[in-house]
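Asker: Quick one: the structure is below, and I'll ask about it shortly.
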Amino acid sequence: MGLKHKITGTDVDFAFRKTVHISPAFLKKHGIKGLILDVDNTLTTHDDPVPAEGIIEWLESMKKNGIKLIIVSNNHDERVKRFADPLGLDYVCDSGKPLKKGYTLAMKKMGLTTAETAAVGDQLFTDVWGANHSHIRMIFVQPMAPEPKSKRFIRFKRVLEKPFLPTVFVDNEKE
C-alpha cells in the first residue's frame, strides 16, 4: 500500500477476494493465531442469519488448525447472537468499530496479543481503521454483495472508500 493509505489509515496488510480463500497455512506462515471476524459482507450478506456458502467449512478448518475465532460487530446482541451461537463462536457486539474497545476485548477473550491477531473485514472506515488503530494486522476481503438500498449510509461509505480499496490480492494458489 502507498503513502495515501498510510496517511488515511486505510492501509491493509493482506487482501483476499473472499474470506474462504484465507488458509490456515497462510495464517500460520504469518504468525497469526487468532482472527477477529466481521459479520456483514464478510461471513454472510447483510442481516442474513445464515453463513454464506463455504463459511461453515472454512470456520471448521480454522478451528481444526488451532486458529482462534471471535466476531466483533457493530450490530446489536440480537443480530450477532443469532448468527454466532449456531457456529459456536464467541462475539463482541455493539463494538463501536473503528474504536479500539471491541478489538481489545476480543483479544483479551482469545488470550492473544496484537502480534498474534488479525482482523478480517470488508469496510475501510470501520474494519480497517479499527484494526489499524488497534495495531493488529488487517486482512481485507471484498464485500460479498452490494448493500441493500435500505443501507444508504453504508452505500454512501462504499463510494468514499473506492479510491482506497486494495487492488492487489493474495493469490492463495501460491501460498
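No lab work stands behind these numbers, since they all come straight from the coordinates. All figures in this text were calculated on a predicted structure; none of them were measured in a lab. Neighbour counts run over all protein chains shown; Cβ positions are idealised from the backbone, glycine included.
Asker: So which of Lys33/Lys81; Lys64/Lys162; Lys109/Lys149; Lys108/Lys157 end up more than 32 Å apart, counting from Cα to Cα?
Answerer: Lys64/Lys162; Lys109/Lys149
Asker: Candidates [x] 1, 9, 18, 24, 23, 16, 7, 2, 0; [y] 1, 7, 12, 15, 17, 16, 13, 9, 5, 2, 1, 0, 0; [z] 1, 7, 15, 15, 14, 14, 14, 11, 6, 2, 0; which is the computed P(r) over Cα pairs in 5 Å bins from 0, in percent?
Answerer: The value matching this structure is [x].
Asker: Toward the positive end of the charge dipole of the chain, about the Cα centre and with charges on Cβ (Lys, Arg +1; Asp, Glu -1), which of His135, Asn65, Gly31 goes farthest?
Answerer: Among His135, Asn65, Gly31, the one farthest towards the positive end of the dipole of the chain is His135.
Asker: Ranking request for peptides 101-109, 159-167, 79-87: highest mean number of other beta-carbon atoms within 10 Å first, then the rest in descending order.
Answerer: On the way: 101-109: 19.2, 159-167: 12.6, 79-87: 16.4.
Highest to lowest by the protection proxy: 101-109, 79-87, 159-167.
Asker: Suppose the chain between Ala145 and Lys63 were pulled fully straight at 0.36 nm per residue; how much longer would it get relative to their current alpha carbon spacing?
Answerer: 26.9 nm
Asker: Right, here's the next one. May I ask you to compute the full-extension gain from His30 to Arg17, defined as 0.36 nm times their residue separation minus their alpha-carbon distance, rounded to one decimal in nm?
Answerer: Value of the extension gain: 2.8 nm.
Asker: Compute, for segment 3-170, the length of the dipole vector about the Cα centre, with Cβ point charges of +1 (Lys, Arg) and -1 (Asp, Glu) only. Units Debye, rounded to 20.
Answerer: Roughly 460 debye for segment 3-170.
Asker: Follow-up question, since we're still on this one. Under the rule of at least 5 residues apart or a separate chain, name every residue whose amide H is placed under 5 Å from the amide H of Tyr91.
Answerer: Amide H neighbours of Tyr91: Ile71.
Asker: With θ set to phi - 60° and the Karplus curve 6.51 cos²θ - 1.76 cosθ + 1.60, what are the ³J(HN,Hα) couplings of segment 70-85 in order, to the nearest whole Hz, using x for Gly and Pro?
Answerer: Along segment 70-85, the couplings run 8, 8, 10, 9, 7, 5, 6, 3, 4, 5, 6, 4, 4, 7, 6, 4 Hz.
Asker: Would you be so kind as to identify which of Leu87, Pro49, Phe169 lies farthest towards the positive end of the dipole of the chain, taking Lys and Arg as +1 and Asp and Glu as -1 on Cβ and the Cα centre as origin?
Answerer: Toward the positive end, the furthest listed residue is Phe169.
Asker: Now for a different question. Rounded to the nearest 0.05, what FRET efficiency do Lys108 and Val159 give with R0 = 45 Å and r taken as the Cβ-Cβ distance? Could you check?
Answerer: Working: r = 35 Å, r/R0 = 0.78.
After rounding to 0.05, the efficiency reads 0.80.
Asker: Here is a further query. Could you work out the relative contact order of the chain, using alpha carbon pairs under 8 angstrom and six or more residues apart, expressed as a whole percent?
Answerer: 31 percent
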